[in-house]
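The values are calculated or read from the model by the stated rules, or taken from the named source; none is laboratory data. Values in this document were obtained by computation on a predicted structure and should not be read as measured data. Don't worry about glycine lacking a Cβ; one is built from the backbone with ideal geometry, like all the others, and counts go over all protein chains shown.
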Amino acid sequence: MRKVILHAPKNGFFFVIDRTNGKFISAKNFVDVNWATGYDANGRPIERPEARATDKPYDSVPGPYGAHNWHPMSFNPQTGLVYLPAQNVPINLMDDKTWNFNEGKPGTPHGNVGWNTAKFLNAEPPKSKPFGRLIAWDPVQQKAAWTQEHVSPWNGGTLTTAGNLVFQGTADGRFVAYDARSGDKLWESPTGTGVVAAPVSFELNGKQYVSVAVGWGGVYGQAQRATNRQGPGTVYTFALGGKAPLPAFAEYRAARLLQGVKYDPAQVKAGTGLYVSNCALCHGVPGVDRGGNIPNLGYIDAAYIENLDKVVFKGPAMARGMPDFTGKLTPDDVEKIKAFIQGTADAVRPKP
């Protein structure tokens, strides 16, 4: 028996560390990784040389979203297992060797709004596959005891109970209970929209309740989603025999591709670089991504794009987090971005 820290960070390795002195005990990858082959006896990573390649695009697995992000994991002392929300969000990286601090030139991912990654993102399409996964991890054997696959990355944190259960909300709008030992699904309830938070359990007047905050968000949830419904942040509380009706959630607006915005096709190329450095990481690729908490600009009313200058210069969305691009973009820049948005929507539109 040892007093330990169990830690599953973004880099894809599950660490067991002596918490009394910081001594490294073990580390094993809980998902596929391509940046290291393992850790040595001193707790240092054995890196693959290609992980530091700077002259060509490289699929980072796990990528910047992490194999495990902030979504809490839980430990059950009866089973000895850790219940871990794992994932892969494919991203291709390449060093920007012409990068300069705060330069914000076109083509640098969000470089014009203060991001300084010195990387090109998805210079070529990623080859790794996205997934979301619940892993019951044995930290002694350093291997999975069982897994459950989800339809999307970015699923909620976990709760495990003395009643041999594991609860988790999912990106596709469900709240699920599993058998903590076998991983068998025992129960689920729809939640309307995606869940990223972890549940809690409490007792009141001799009765057990399980509550979870439901609402889609986080960095991945800004531009992506796995449900067709949306709603305000909602707390659900479940108990045996509960019969309260579920709240109504609204359908996302129909995915109708943008059309009718007048633009100069010759400006699309310049608009591409401007879109990448100002818009892409929040709004996604027009007409390609579905959108999340922030709308995809390929599926928005044409009036917004026709009047884009009124949106980006001290526009009404500033109160909801939209940056003010006054002094960062010119009216001519805005026309080029409009050309890229409508031109891309036209390019992906199914042909007769």
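Does PRO139 satisfy the criteria of being closer than 30 Å to GLY271 by Cβ, at pLDDT 90 or above and either in contact with a Pro (Cβ under 6 Å, 6 or more places away or on another chain) or buried (at least 17 other Cβ atoms within 10 Å of the Cβ) (or both)? Full working, then the answer.
Working: closer than 30 Å to GLY271 by Cβ: no; at pLDDT 90 or above: yes; either in contact with a Pro (Cβ under 6 Å, 6 or more places away or on another chain) or buried (at least 17 other Cβ atoms within 10 Å of the Cβ) (or both): yes.
It is false that PRO139 is closer than 30 Å to GLY271 by Cβ, at pLDDT 90 or above and either in contact with a Pro (Cβ under 6 Å, 6 or more places away or on another chain) or buried (at least 17 other Cβ atoms within 10 Å of the Cβ) (or both).
In a residue-by-residue description of segment 162-174, the property of being outside any strand (DSSP E or B), closer than 16 Å to LEU134 by Cα, of a type in the set (A, V, I, L, M) and at pLDDT 95 or above applies to at least one position.
Condition check ((1) of a type in the set (D, E, K, R); (2) surrounded by fewer than 17 Cβ atoms within 10 Å (Cβ to Cβ); (3) farther than 21 Å from PRO139 by Cα; (4) at pLDDT 95 or above) across all residues:
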{"site": "VAL33", "(1), (2), (3), (4)": "no, no, no, yes"}
{"site": "TYR58", "(1), (2), (3), (4)": "no, no, yes, no"}
{"site": "ASN92", "(1), (2), (3), (4)": "no, no, yes, no"}
{"site": "GLU103", "(1), (2), (3), (4)": "yes, yes, yes, no"}
{"site": "VAL113", "(1), (2), (3), (4)": "no, yes, yes, no"}
{"site": "PRO126", "(1), (2), (3), (4)": "no, no, yes, no"}
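Within segment 221-275, the set of residues being hydroxyl-bearing (Ser, Thr, Tyr), surrounded by fewer than 18 Cβ atoms within 10 Å (Cβ to Cβ) and more than 21 Å from the chain's Cα centre (by Cα) comprises THR237 only. Selection of segment 146-174 for residues being hydroxyl-bearing (Ser, Thr, Tyr), crowded, with 19+ Cβ neighbours inside 10 Å and within 18 Å of LEU186 (Cα to Cα) yields THR158, THR160, THR170.
Which residues, taken from segment 1-34, are over 20 Å from the mean Cα position of the chain (by Cα), more than 18 Å from PRO77 (Cα to Cα) and either among the aromatic types (Phe, Trp, Tyr) or part of a loop (DSSP other than H, G, I, E, B) (or both)? Once the filter is applied, which keeps residues that are over 20 Å from the mean Cα position of the chain (by Cα), more than 18 Å from PRO77 (Cα to Cα) and either among the aromatic types (Phe, Trp, Tyr) or part of a loop (DSSP other than H, G, I, E, B) (or both), segment 1-34 yields THR20, ASN21, GLY22, LYS23, PHE24. Residue pairs whose Cβ atoms lie under 8 Å apart, separated by 6 or more positions or on different chains, with the first residue in segment 63-87 and within 11 Å of THR160 (Cβ to Cβ) and the second among the polar types (S, T, N, Q) and in a loop (DSSP other than H, G, I, E, B), are GLN78/ASN164; THR79/ASN164.
Would you tally the residues in segment 312-352 being part of a helix (DSSP H, G or I), buried (at least 18 other Cβ atoms within 10 Å of the Cβ) and within 28 Å of the chain's Cα centre (by Cα)? Total meeting the criteria: 10.
No other residue among GLY231, GLY241, GLY206, GLY221 is closer than 23 Å to VAL166 by Cα and modelled with pLDDT under 95 apart from GLY241.
If you scan segment 66-80, which residues turn out to be over 13 Å from ALA8 (Cα atoms) and of a type outside the set (Gly, Ala, Ser)? Give the steps one after another, and end with the answer.
Initial filter on segment 66-80 (over 13 Å from ALA8 (Cα atoms)): 76-80.
Hits for segment 66-80 are ASN76, PRO77, GLN78, THR79.
For segment 64-90, give me each residue that is of a type in the set (Ser, Thr, Tyr) and either assigned to a loop (DSSP other than H, G, I, E, B) or buried (at least 21 other Cβ atoms within 10 Å of the Cβ) (or both). Spell out how you get there, then give the answer.
Just the residues of segment 64-90 that are of a type in the set (Ser, Thr, Tyr), to begin with: 65, 74, 79, 83.
Passing the criteria: TYR65, THR79, TYR83.
Among the helices (runs of 4 or more DSSP H) confined wholly to segment 210-301, which include 1 or more residues that are farther than 30 Å from TRP187 by Cβ and of a type in the set (Ser, Thr, Tyr)? Before you say what the answer is, go through the steps one by one.
Values: elements: 218-223, 268-278, 280-283.
Answer list for segment 210-301: 268-278.
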